[in-house]
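Colleague: Could you have a look at this structure, given as structure tokens, before my questions?
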Amino acid sequence: MARLGDSRKKREEAAPASRPHRRCLECGAALKPAARDFCAAGCRKAFGNRRMLRGAELYDLFMAHRYDRENAKQYRALTMMNRMAAEFWREDQRRRQGRPSWRPPAAVLAARADLKASAYFAHPVSQKKE
Ligand SMILES: [Zn+2]
């Protein structure tokens with residue numbers, strides 16, 4: 001069973017080959033050779049906090065979009081997610097001089113090889129019937 005923190009460890013181990021950039025993801029400063037993604041702890045925290053804040057609402061809407069379709073349709077969840085992304089984009093353009101505020105898909109998926117496995121759907125989560 002995966003322990004809390006395992007995915008982070010995998011991501012950190014898998015990250016270098018999938019990230020060709022050598023600039024701080026938050027402030028854009030050039031990184032020292034030993035630095036991974038950020039020039040300082042403050043930049044790492046700022047990047048993570050923004051993703052966490054933005055992601056929480058997107059998560060709720062996306063889960064409803066996938067598993068509570070009627071409710072999601074009523075509230076136009078997909079449209080609202082797209083609007084949120086557009087707001088994030090505009091804010092990034094304004095405050096981050098266009099630097100992306102997200103990790104590249106290759107970096108995210110490097111730690112989630114299980115998603116690409118052909119047997120991924122072979123073990124559906126059992127659902128309790130009530
Ligand atoms: Zn920085």
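Bear in mind that the values in this text are calculations on the coordinates, not laboratory data. The model shown is predicted, which means the values in this text are computed figures rather than measured ones. Here the Cβ is made from the backbone with ideal geometry for all residues, glycine too, and neighbour counts use every protein chain on show.
Colleague: Which numbered condition trips up Glu70, out of (1) farther than 21 Å from Ala110 by Cβ; (2) within 15 Å of the ligand (Cβ to nearest atom)?
Modeller: The single condition Glu70 does not satisfy is (2).
Colleague: Using beta carbons and a limit of 6 Å, which pairs, at least six apart or on different chains, have the first residue in region 50-64 and of a type in the set (Lys, Arg) and the second one in a helix (DSSP H, G or I)?
Modeller: Close Cβ pairs (under 6 Å, with a partner that is in a helix (DSSP H, G or I)) amount to Arg54/Phe88.
Colleague: What do you reckon, is Gly48 farther than 18 Å from Pro104 by Cα and either within 16 Å of the ligand (Cβ to nearest atom) or of a type in the set (S, T, N, Q) (or both)? Steps first, answer last, please.
Modeller: Values: farther than 18 Å from Pro104 by Cα: no; either within 16 Å of the ligand (Cβ to nearest atom) or of a type in the set (S, T, N, Q) (or both): yes.
It is false that Gly48 is farther than 18 Å from Pro104 by Cα and either within 16 Å of the ligand (Cβ to nearest atom) or of a type in the set (S, T, N, Q) (or both).
Colleague: Now, a different point. Within region 30-40, does at least one residue satisfy the condition of being surrounded by 13 or more Cβ atoms within 10 Å (Cβ to Cβ) and in a helix (DSSP H, G or I)? Talk me through it step by step, then tell me what you get.
Modeller: At the first step, the residues of region 30-40 found to be surrounded by 13 or more Cβ atoms within 10 Å (Cβ to Cβ) are 31, 35, 37-40.
Checking which are in a helix (DSSP H, G or I) leaves us with none.
No: zero hits.
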